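Worksheet for the structure shown next.
The values are calculated or read from the model by the stated rules, or taken from the named source; none is laboratory data. If you're wondering where the values come from, they're calculated on a predicted model, not measured in any experiment. Methodologically, a virtual Cβ is constructed for each residue, glycine included, from the backbone with ideal geometry; neighbour enumeration extends over all protein chains shown. Side chains included, ligands, DNA and RNA excluded: accessible areas come from the protein's heavy atoms. Shrake-Rupley method; radii C 1.70, N 1.55, O 1.52, S 1.80 Å.
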Amino acid sequence: MAVLPLRVRMFRVVWRAKSVFIVASGPLVLLPLALSTKESACAYVILLMALYWCTEVLPLAVTALLPTILFPVLGIMQSKDVCMQYLRDSNMLFVGGLMVAVAVEHWNLHKRIALKVLLVVGVRPALLMLGFMGVTAFLSMWISNTATAAMMVPIVHAVLDQLHRHDDMEEGRLKGSQDGNPAPATQSDVAVAVPEPVSGRTGESGERTREGDVTATAPNDGIMSSLKPPPQDKPPSAPKASASSVVCALEVEEAEGVDDERRRLSKGLLLSVCYAASIGGIATLTGTGPNLVLLGQMSQLFPQSGGVINSASWFVFAFPTMMMMLLMAWILLHQVFIGRSPREAWSCGGGRAAKERAARAVIAEEHRRLGHMTYGEASVMALFLLMVALWFTREPRFVDGWASRLFNAEAEFVTDATVALMVALLLFVLPSRPPRYLCCWRPNSDPDGQVSRGPAPPLLTWKVAQAKIPWNIVLLLGGGFALAKGSEESGLSRWLGSQMTPLHSIPPWAITVVLCLLTATFTECASNVATATLLLPILASMSQSISVNPLYVMIPCTLSASFAFMLPVATPPNAIVFSSGYLKVADMAKTGVVMNVIGIACISVAINTWGRVLFSLDSFPEWANATTPI
C-alpha cells in the first residue's frame, strides 16, 4: 500500500477536524434563534441547512432530511405533514423524466444523435465547436448534464488526438525532408483518415501525449529551406554555425506556436462542452434541478396560480433564452481560443482540409461502430418523442390541450408527472427485441441477427434504473419543499416580506439584475438545487411585499442558479473537463466571469421582452395576493 505524503495526510486531518467542528458548533451557535418564536425557529433550521449545504460537511441529501427531525421537535410542523413534502408532484415528474433519460443513455441513443449531428455539421474549427455545443445543449435538455458531459468529453479527446497526430506526422515529414530524407506523402500517410481512436494519457504538464508520436517541430518549410545553404556551396564554418543557431531558434519558436495553438483549441472545445451542458438544461423543466424547484415552489406557495408554469410555457420562454446564450457563448469561446478572423476560421486550406478529414474520420468510425439502429433504440426514441409531444400539448395555454377537456375540466387531475410516469412505465413493459409477428423490421437490426423467438427483456430494467437515477436529488427537492412549507406555516415568509417593503422604490428590473448576480455568485460555492431551494421562498415573499409579479423575480434567479461557470467544483461538467488536464483554474475563472455576465444579460433581455408578454409580468396577479394552505 502506497504511503500518502505528509502534506496530504495533514490536510485530511485538518479538514476532518474542521468538519467535526462545523457539525458540532453549528447547532450550538445558532441555537438561540430556535428558543423564541416559530419564525425564529424556522430561520434557525434554514440557516443551519444553508451552513451544511455550503460547507458539505454532510452529504447534501442527508442535510435535506433535517426538516423531518427539526420541524416536529421545534413545534413548527407535524411529522406527517413534513414527510409528505418529500414525494410531491414535482419529485415524481423528476423520477419519470429521469427514467426515460436513463433508457436513452442505456441504449446509446444519445451518442448516435451526437455523432450524426457532428457528421452533418462538419469539423472546421468554428463549425466543430458550434457542433459540439449544439449537440451537448440538446442532449442536456433531456438527460443530466453530468451524463452529457461524460459522453461528449471522450469524443472531444478522440477528435483532438487525431488533429494533433496529423500535425505531428506532417511536421515529422517536413523535418525529414529538411534533413535530406524526403518522405513523400503516400496513401498510407493520409490513412490517418481511417483511425482507431487511441486513448491518450495526461502528463504532468497537462498536455495529452500519445506514445509513438513524432515530436513537434517547425512546420514552415519555406523559411527553413531559405536559411539552409545548398550542399554544393558550403560556406565557412563560422557562418554555418550562425545559420544553424538561427534555424534552431526558429524551430523552437514555431514549435511553441504550434503547441500554443493546440492548447487553445483543446481548451476551447472542452469549455464549450461543459458550458453547453449547463446552458442546455435551462430549456426544459426536467433539464436541471432548479427548474423543478421553481415548479414545486409555485404549486406550494401559490396554489391558485393555475399551472402558469408547465412544460409548454417554460419551453416557449426558456428555449429562445438558451439559444441566445449558446450563440453568445460560442462567439466568446471562438474569439478567445480560436482567435482567427471569420474568413480564416471558416476557410478550407490544404493542410487544414487534411486535418479536417482526419477528424471527420474519427467521428465517422465511432458512428460506424454503433451499427444499425436496433429495435430497442427505435422503441426508446418513439417513447421519448411521445413523452415530449404529450408534455407540450397537455396545457399549451394559448389553446386548449388534450387534457383540458378530457381530464382537467374540474381540477388538474393530469399533470406533466402523469405523462412522464406513464411513459416510464411503458419502458418496463415493452420488449427490447421485435416480436415474431413484426416481420417488417429488418433482421440485421436485431442484436442476435434474427427476430427473437423467446421472451425478450424489457427496454429498461429496474436494476439499471436503480443504479443510474440520482436518488439524492429527489431528497434534495423534498428538503426544499419542506423548507418552503415550514416558512409558510411558521410565518417566516410573511415576516421576511414585511422587511423588504422599502425595495418598492427600486425599479423591478434593477432588483432582478442584482438578485441574479447574487444567485450566480452563490451557486459557484453551493449546489444549484440548494441555492434555488434557499432563495426562491424568500424571493416569493419579497415580490409579494413590493407588489411585483413573483415570476418576474423567481424565473431569472432560477435560471441564474444553473450558471456555475467559474470553478471546477461548481458543477459536475466543469469537474469532468477540468480532469482532462488541459485546463487550469485561471482558464475557467477568466471565461467563467464573462459567461456569468452574458447569462445575466440574456436573462434580462428575455424576461423583459417575450417573458413579459408570456407570463403577463406587467400586472400583479390575483393568485399572488395571499397564500392559502394546500
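Residues that are open to solvent by less than 60 Å² (accessible area, probe 1.4 Å), over 21 Å from L426 (Cα atoms) and part of a helix (DSSP H, G or I) within the range 380-409 comprise just one, S404. When W441 is tested against (1) in contact with a helix residue (DSSP H, G or I) (Cβ under 7 Å, 6 or more places away or on another chain); (2) outside any helix (DSSP H, G or I); (3) modelled with pLDDT of 60 or more, only condition (3) is not met. Quick one: would you say L115 is open to solvent by less than 30 Å² (accessible area, probe 1.4 Å) and among the aliphatic types (A, V, I, L, M)? Answer is yes for this residue. Return yes when S505 is buried (at least 22 other Cβ atoms within 10 Å of the Cβ) and either over 25 Å from V529 (Cβ atoms) or not β-branched (V, I, T) (or both) and no when it is not. For S505, the condition - buried (at least 22 other Cβ atoms within 10 Å of the Cβ) and either over 25 Å from V529 (Cβ atoms) or not β-branched (V, I, T) (or both) - is not met. Scanning the range 508-534 for residues that are part of a helix (DSSP H, G or I), buried (at least 19 other Cβ atoms within 10 Å of the Cβ) and among the β-branched types (V, I, T) turns up I511, T512, T519, V529, T531, T533.
A residue that is open to solvent by 40 Å² or more (accessible area, probe 1.4 Å) and among the hydrophobic types (A, V, I, L, M, F, W, C) occurs somewhere in the range 537-556.
Inspect all residues belonging to the range 292-311 and state whether any of them is modelled with pLDDT of 90 or more and either surrounded by fewer than 23 Cβ atoms within 10 Å (Cβ to Cβ) or out of contact with any strand residue (DSSP E or B) (no Cβ under 7 Å at 6 or more places or on another chain) (or both). Checking the range 292-311: at least one residue is modelled with pLDDT of 90 or more and either surrounded by fewer than 23 Cβ atoms within 10 Å (Cβ to Cβ) or out of contact with any strand residue (DSSP E or B) (no Cβ under 7 Å at 6 or more places or on another chain) (or both).
Scanning for something in a loop (DSSP other than H, G, I, E, B), modelled with pLDDT under 90 and surrounded by fewer than 24 Cβ atoms within 10 Å (Cβ to Cβ), does the range 266-283 turn up at least one residue? For the range 266-283, residues in a loop (DSSP other than H, G, I, E, B), modelled with pLDDT under 90 and surrounded by fewer than 24 Cβ atoms within 10 Å (Cβ to Cβ): absent. Before we move on, is S579 open to solvent by 10 Å² or more (accessible area, probe 1.4 Å) and farther than 30 Å from L333 by Cα? Taking the combined requirement at face value, the residue does not satisfy it.
Residue by residue, here is whether (1) under 20 Å from V336 (Cα atoms); (2) free of Cβ contacts under 8 Å to residues at least 12 places away in the same chain; (3) β-branched (V, I, T) holds:
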{"site": "C516", "(1), (2), (3)": "no, no, no"}
{"site": "T519", "(1), (2), (3)": "no, no, yes"}
{"site": "L536", "(1), (2), (3)": "no, no, no"}
{"site": "N549", "(1), (2), (3)": "no, no, no"}
{"site": "K584", "(1), (2), (3)": "yes, no, no"}
{"site": "A606", "(1), (2), (3)": "no, no, no"}
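Considering each residue of the range 351-371 in turn, at least one proves to be in a loop (DSSP other than H, G, I, E, B), touching a helix residue (DSSP H, G or I) at 6+ places or on another chain (Cβ under 9 Å) and at pLDDT 80 or above.
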